[in-house]
1. Within the stretch B:64-101, work out how many residues are more than 20 Å from the chain's Cα centre (by Cα) and surrounded by fewer than 18 Cβ atoms within 10 Å (Cβ to Cβ).
2. Quick one: in the stretch B:71-97, which of the residues that are outside any helix (DSSP H, G or I) and without any contact (Cβ under 8 Å) to a residue 60 or more places away in the chain is farthest from the other protein chains (Cβ to nearest Cβ)?
3. Can you name the residue in the stretch B:116-126 that is more than 9 Å from chain A (Cβ to nearest Cβ) and on the phi < 0 side of the Ramachandran plot and, of all such residues, is surrounded by the most Cβ atoms within 10 Å (Cβ to Cβ)?
4. Output the qualifying pairs, or none if there are none: Cβ atoms under 6 angstrom, residues six or more apart or on different chains, first residue in the stretch A:123-142 and facing another protein chain (nearest Cβ under 7 Å), second residue in a helix (DSSP H, G or I) and of a type in the set (A, V, I, L, M).
5. Out of contact with any Asp or Glu (no Cβ under 8 Å at 6 or more places or on another chain), near ligand 1 (Cβ under 8 Å from one of its atoms) and within 24 Å of B:ARG85 (Cα to Cα), is that true of B:LEU28?
6. Look through A:VAL95, A:VAL109, A:VAL120 and report the one residue that is within 13 Å of the chain's Cα centre (by Cα) and either loosely packed, with under 13 Cβ neighbours inside 10 Å or closer than 30 Å to B:VAL94 by Cα (or both).
7. Please find, among B:GLN188, B:GLN207, B:GLN194, B:GLN154, the residue that is over 22 Å from B:VAL119 (Cα atoms) and either within 14 Å of chain A (Cβ to nearest Cβ) or of a type in the set (Asp, Glu) (or both).
8. Going by the structure shown, is B:GLN283 farther than 21 Å from B:THR205 by Cα and assigned to a strand (DSSP E or B)?
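The values are calculated or read from the model by the stated rules, or taken from the named source; none is laboratory data. What you see is a predicted model, and the numbers here were worked out from it, not measured in a lab. Using ideal geometry, Cβ is built from the backbone for each residue, glycine included, and neighbour counts are taken over all protein chains shown.
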Amino acid sequence: MNWAEIYPLLWQSTLETFWMVLPSAIIAQILGMLLGVWLSVTAPGGLRPNPLVNRSLDAVVNIGRSLPFIILLVILIPVTRLIVHTSIGSTAATVPLTIAAIPFVARLVDGALRDVPQGVTEAARAMGATNSQIVRKVLLPEALPALVNSFTVMLISLIGYSAMAGAIGGGGLGDLAIRYGYQRFETEVMIATVLVLLLLVQGVQWLGDRAARTLDHR
Amino acid sequence: MSSDTAPLAALTFEHLSKTYPNQAQPALNNLNLSVPRGSRLGIIGRSGAGKSTLVRLISGLEQPESGRLLIDGENPAQLSAAQRRNRQARTGLVFQHFNLLLQRTVLGNVTLPLELQGVPRAERERRALALLDKVGLAPYAKRYPAQLSGGQKQRVGIARALVTNPTLLLADEATSALDPETSASILQLLTDLQRERDLTLVIVTHQMEVVRAATTHVAVLDSGHLVETGDTRQVIASPQHPVTRALLEAHRPAVTPGNGQMLRLVTLANLGAQTLSTLARLQASVVQAQAHPLGVDAWLLLPNTVSEAELGALSGAAAPALKLSPLAEVL
Ligand SMILES: Nc1ncnc2c1ncn2[C@@H]1O[C@H](COP(=O)(O)OP(=O)(O)OP(=O)(O)O)[C@@H](O)[C@H]1O
Ligand SMILES: [Mg+2]
C-alpha cells in the first residue's frame, strides 16, 4: 500500500479512536470522581467514616480493576445494548471503556484526596465548614494537580484499551493495525499505526504534565 | 438572671474530661477553669500534657467525654449543628504548621472562612484585604503560600483566623515552627491584635518565654491535670508546682551560684543605662538575656541578700500596664 492509500485509513481510525476514548474518559472521570470522593469520605479517618460502605465500595472497585478488559468487553455486551442500542462499533465500545475506567479513576481520586494534609481539612472544619463544603472547596481544589495527573494516566490507558475494542468491531487505530498489519501483512500500515499511537500517547502525556504543572502552586 | 452584672467568662470548663478512643489515660482529666473575657491565657505543659486536646475541644474538633465547656456562656453541645458551625466560625484558630490551602492565593485563604459563610465576594475581599494590610501582607495578596516565609505564612494564618471578627482566638504552638526573631514578631502581632480588638486570646505553648512575653494569665497542664493557674507574673515569680518550676527553669543557664549568691530569672524593661546602674547597685551580673516583645528575660547572678521587693521593683518597672482580672477557679 502506498501513503495515499494509508493516509485516509489512518485518519479515519484516529478519529474513531478519539470518538471511543474522549467521551468515555470524560464520563469516567466524572463518575470515577464521585466514587473516589465517596470512598475517601467513608474511609476510616475520613469526613464521615462508614466501614461497611467503604469496604463494599472498595470491593467493587477492586473487582472492576482486576477484570481483564477483553473479558469486560464481552460480559458487558447486554449492558451496552441496553444503553446505546447496539453492541458493535465505536459507539458501543464507549460503554465498556467507560466502565473499565471508572474504578481506575476512583482509586486514583481516593488516593489524591487522602494526600491532602489532615491539618488543612481540620482548619476548614474548625471554620465551621460542612462536609460538602470541605469536599468542594478544600479537598478537590487542593488535589487538582493530582486529579489532572490521574486523568492523563486514565486517558493513556483508554487509548491502549481502545485497541482491543476492535474485537467488537469498534474500529480505531488498534483495529487498523490488526486488520491490515497483522491479518494482511501490510507492514507499512502496522508501522504507521504504531507511530500514530506513540505520538498520541506522547502528546497526551506532554499536555497532561504541562497542565498539572501550571495548576500546581504547592 | 437580669440582675447578673458580673461579666460573662469567655471560656468556662467544668469537670471537663476527654479520653480518646482506645486510650487508657485521659488526655484531659476533670478540668475546672474560667477564662475572663479580654484576657490572654497561656496554656503551658510538657509534650502530651493535653494542651492541644483542650484547644480541639474549644474549637469543636473534638467533643468532651464528660463535663461542660462554655463559650461566652453557651454550651456548644446544646446547639444545633448549624448553630455549632456558626460558633466555630466565630472562634479563630491559628496552627503550628499554618495549615494554609496551598492551591489558594493568600487572599483566597483569608476569604475562605467568609466564603463558607456565604458572604458576597466583594465584601469578603474587602474585609480580607483590610486584615492583610493589618498583618503587613497586603502586597502579597495574589501570591501563593508556597512563595512565603514561615513568618509570613503565620501572618496569613492569623488574618484568616480573624477575618470573621471572632471574640476568641486560639493559637496552638503558633510560633513553634519559627525562628526566635520571627516568633517574637508573631507574638507581638497577636498581643497587639488582642488589645486592639479586645479579644480573648488563648496561647498554647511548651515554652515559658512565650507565656512570659504574651500572656496575662497562665494555666499549667500536666498529664491531663490542671496543676497550677493564676496571674502570669505571679506564677512566674512564685511557681508552686514542680512542673511549673521545671518549665521555668528549662532555660536556666549552666552556672552554679557561688557562696552567698543566687541565680534568678527577671524580666527587665530593657538593658538601658538606668537598668544597668540599678543592676550594678545590687551587684547583679547578667548571665544570660533574651529579648522579647515585652522586655528582656535576664538570668541574674546576685547576692542572696537582695530582697524580693528589690527584685520585684526590677521586674515591676518592666511590666506593661495590663488590665488584669482575676482568673477565678470554678468550684
Ligand atoms: N487523636 C488522638 N488519638 C488518641 N490519643 C491522642 C490523640 N490526640 C492526642 N492523644 C493523646 O492525648 C494526650 C494529650 O495529647 P495532646 O496532643 O493534647 O498533648 P499536647 O499537650 O498538645 O502535646 P504537644 O506539646 O506534644 O503538642 C497524649 O497522651 C496523646 O498521645
Ligand atoms: Mg500539641
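1. Just the residues of the stretch B:64-101 that are more than 20 Å from the chain's Cα centre (by Cα), to begin with: B:64-68, B:73-87, B:100-101.
Next, only the ones that are surrounded by fewer than 18 Cβ atoms within 10 Å (Cβ to Cβ) stay: B:65-68, B:73-75, B:77-84, B:86.
Looking only at that region, the number is 16.
2. Taking the stretch B:71-97 and keeping what is outside any helix (DSSP H, G or I), we get B:71-75, B:79-80, B:90-97.
Add one more test, that the residue is without any contact (Cβ under 8 Å) to a residue 60 or more places away in the chain, and what stays is B:74-75, B:79-80.
Working: B:GLU74: 14, B:ASN75: 17, B:LEU79: 11, B:SER80: 13 Å.
Going through the qualifying residues, I end up with B:ASN75.
3. Within the stretch B:116-126, the first condition is being more than 9 Å from chain A (Cβ to nearest Cβ), and the residues that meet it are B:118-126.
Subsequent filtering for residues that are on the phi < 0 side of the Ramachandran plot retains B:119-126.
Details: B:VAL119: 18, B:PRO120: 10, B:ARG121: 10, B:ALA122: 8, B:GLU123: 11, B:ARG124: 22, B:GLU125: 17, B:ARG126: 12.
Across the stretch B:116-126, the extreme among qualifying residues is B:ARG124.
4. The qualifying pairs are A:MET127/B:ALA89; A:MET127/B:LEU116; A:GLY128/B:ALA89; A:ALA129/B:LEU116; A:GLN133/B:LEU116; A:VAL138/A:ALA124.
5. On the way: out of contact with any Asp or Glu (no Cβ under 8 Å at 6 or more places or on another chain): yes; near ligand 1 (Cβ under 8 Å from one of its atoms): yes; within 24 Å of B:ARG85 (Cα to Cα): yes.
Judged against the criteria, B:LEU28 is a match.
6. Values: A:VAL95 fails: either loosely packed, with under 13 Cβ neighbours inside 10 Å or closer than 30 Å to B:VAL94 by Cα (or both); A:VAL120 fails: within 13 Å of the chain's Cα centre (by Cα).
Going through A:VAL95, A:VAL109, A:VAL120 in turn, just one is within 13 Å of the chain's Cα centre (by Cα) and either loosely packed, with under 13 Cβ neighbours inside 10 Å or closer than 30 Å to B:VAL94 by Cα (or both): A:VAL109.
7. Details: B:GLN188 fails: either within 14 Å of chain A (Cβ to nearest Cβ) or of a type in the set (Asp, Glu) (or both); B:GLN207 fails: either within 14 Å of chain A (Cβ to nearest Cβ) or of a type in the set (Asp, Glu) (or both); B:GLN194 fails: either within 14 Å of chain A (Cβ to nearest Cβ) or of a type in the set (Asp, Glu) (or both).
Of B:GLN188, B:GLN207, B:GLN194, B:GLN154, the one residue that is over 22 Å from B:VAL119 (Cα atoms) and either within 14 Å of chain A (Cβ to nearest Cβ) or of a type in the set (Asp, Glu) (or both) is B:GLN154.
8. On the way: farther than 21 Å from B:THR205 by Cα: yes; assigned to a strand (DSSP E or B): no.
In short, no.
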